[in-house]
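See structure below.
The values are calculated or read from the model by the stated rules, or taken from the named source; none is laboratory data. Note that the structure is predicted; figures quoted are calculated from it, not measured. Reconstructed Cβ throughout: ideal geometry from the backbone, glycine too, with neighbour counts over all protein chains shown. Please note that ligands, DNA and RNA were not included when accessible areas were found on the heavy atoms of the full protein model with its side chains. Shrake-Rupley method; radii C 1.70, N 1.55, O 1.52, S 1.80 Å.
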Amino acid sequence: MVAGRISTGVPGLDVMLHGGLIPGRVYLVKGSPGTGKTTLAMHFAMAGVANGESVLYITLEEPAENIREDFGRMGFDVYHEDFTLIDATPTTEHYVLVEDFFETFAKNLNKLTESIKEQFRVRRYSRVVVDPITMLKLATKDEIDYRRAFLTFVKSMMRLKVTVLITSELERTDIEEYLVSGVIEMKLLERDGKLMRAIKVTKFRGSGFDNVIRPYEITETGMVVHPDRTVP
Ligand SMILES: Nc1ncnc2c1ncn2[C@@H]1O[C@H](COP(=O)(O)OP(=O)(O)OP(=O)(O)O)[C@@H](O)[C@H]1O
Ligand SMILES: [Mg+2]
């Protein structure tokens, strides 16, 4: 690993980032449906676990059991004790006598920030994933309120010295891009009647980065980025 950097869990992407992410900052992964945002987030989480770190993963749209099933099959250690998966998807099962993580984590962005800080009182995490942030944005009517809440989120995470990866849908992403330290965009392109996956880094504060759009694949063991190839 390059000094002062941490791995995204995807070696080819680390190359594009000139050695990996700068820790203690907030990064945004954006892409249309099915591009692999959750897959990349899972690589990022598991790279932390493999490094002996504690990781907090908050899922807001895909139920935790689906994540465990799909990514467990890909070979990710989804039951590792250093991997805390919080299911903050909406639930209608109000008779269930467990903590309602939707209410605490997904009600709005300020609640998410507070709930993450609360988790840090129990355990120190060095990586946090919020997948995806989209719902929280839709939950805020006022653009200014959202911007303020997002800035508070970013500042709070930096104060906790945690590296955060948030995912978002392409069309729903705007002001977040200005406020985070880095942006990675994943795309599906059409080439010769076939769908092709392509990834690019569009922003990375404090570092140079590969400014070429690169092909990637999703295989049965996860995501593979080809930093030495170009998109035809
Ligand atoms: N074994 C596999 N081989 C090839 N592709 C796979 C495999 N398993 C999953 N995929 C692909 O990975 C993609 C799903 O990735 P992922 O769930 O990370 O995307 P996403 O961007 O998070 O999607 P969403 O917007 O729905 O949350 C799908 O397009 C799926 O076809
Ligand atoms: Mg997803």
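A few points about this structure:
- Compared with the dominant Cα axis of the chain, that is its longest principal axis, helix 37-50 is turned about 80°.
- Take the Cα of Glu118, step 7 Å toward its Cβ, do the same at Glu65, and the gap between the two points is 2.4 nm.
- Dipole of the chain, positive direction: furthest Cα of Val130, Ala106, Gly19, with charges on the beta-carbon: Gly19
- Taking the DSSP bridge list for the chain and keeping only pairs wholly inside it, about 45 percent are antiparallel.
- Members of Lys155/Lys187; Lys30/Lys137; Lys37/Lys137 lying beyond 24 Å, as alpha-carbon distances in this model show: Lys155/Lys187
- The spacing between segment 112-144 and segment 167-215, judged by their C-alpha centroids, is 22 Å.
- Expected-Rg normalisation [2.2 N^0.38 Å, Cα atoms] applied to the chain: 0.98
- Only alpha carbons enter this Debye calculation for segment 1-136, each as an equal point scatterer, and the log10 of I(q)/I(0) it gives at q = 0.15, 0.18, 0.19 Å⁻¹ is -0.76, -1.10, -1.22.
- In this structure Phe71 has an accessible area near 10 Å², from a 1.4 Å probe over the protein heavy atoms.
- Placing one equal scatterer on every Cα of segment 132-172 and applying the Debye formula, the log10 ratio I(q)/I(0) at q = 0.19 Å⁻¹ is -0.62.
- FRET efficiency, 1/(1 + (r/R0)^6) with R0 25 Å, evaluated for Ile218 and Lys107 via beta carbons: 0.20
- Radius, Kirkwood style, for segment 112-232 when every pair of distinct Cα atoms is counted (Å): 16.5
- Near Asn51, once Lys and Arg are set to +1 and Asp and Glu to -1 for all other residues with Cβ below 15 Å from its Cβ, the sum equals -2.
- Accessible surface of the chain, 1.4 Å probe, proportion on carbon and sulfur as whole %: 51
- Net charge of neighbours whose Cβ lies under 15 Å from the Cβ of Ala198, counting Lys and Arg as +1 and Asp and Glu as -1: +3
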